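To start, the structure under review is shown below, and the notes come after it.
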Amino acid sequence: MSPVTICVCHHVTEDEIVGWIRRGVTTVEGLGEHCDAGQGCGDCRESLEELIEDFGDESGADGALAVSRAQ
Ligand code: FES
């Protein structure tokens, strides 16, 4: 199966973007800094936001820490 290209302008694939999100990049701007996604025409920005929503809190590490600190 061929990789899904999310940002056509900079040839950034979904796998690469999800990889950055899993490493803690949770903003479109942050993704732009790390892999240039969203730094061209801007058409992919909505898709980037959706990927951040879908994969952004998967690790749960920060959330768990926030909960334990709040108690
Ligand atoms: S498709 Fe990503 S900036 Fe154009």
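Things to note:
- Gain upon complete extension [HIS11, GLU49; 0.36 nm per residue less C-alpha separation]: 12.0 nm
- Charge context of VAL4, other residues only, Cβ under 11 angstrom, K/R +1, D/E -1: -3
- Extension reserve of the CYS41-SER2 stretch, reckoned as 0.36 nm per residue once the Cα distance is removed: 11.7 nm
- Surrounding net charge for VAL25, when Lys and Arg each add one and Asp and Glu each subtract one, Cβ distance under 12 Å: -1
Read-outs throughout are calculated quantities, based only on the coordinates presented, and are distinct from any laboratory measurement. Remember, predicted model here, so these are calculated numbers, not experimental data. Backbone-built Cβ (ideal geometry, glycine too); neighbour counts: all protein chains shown.
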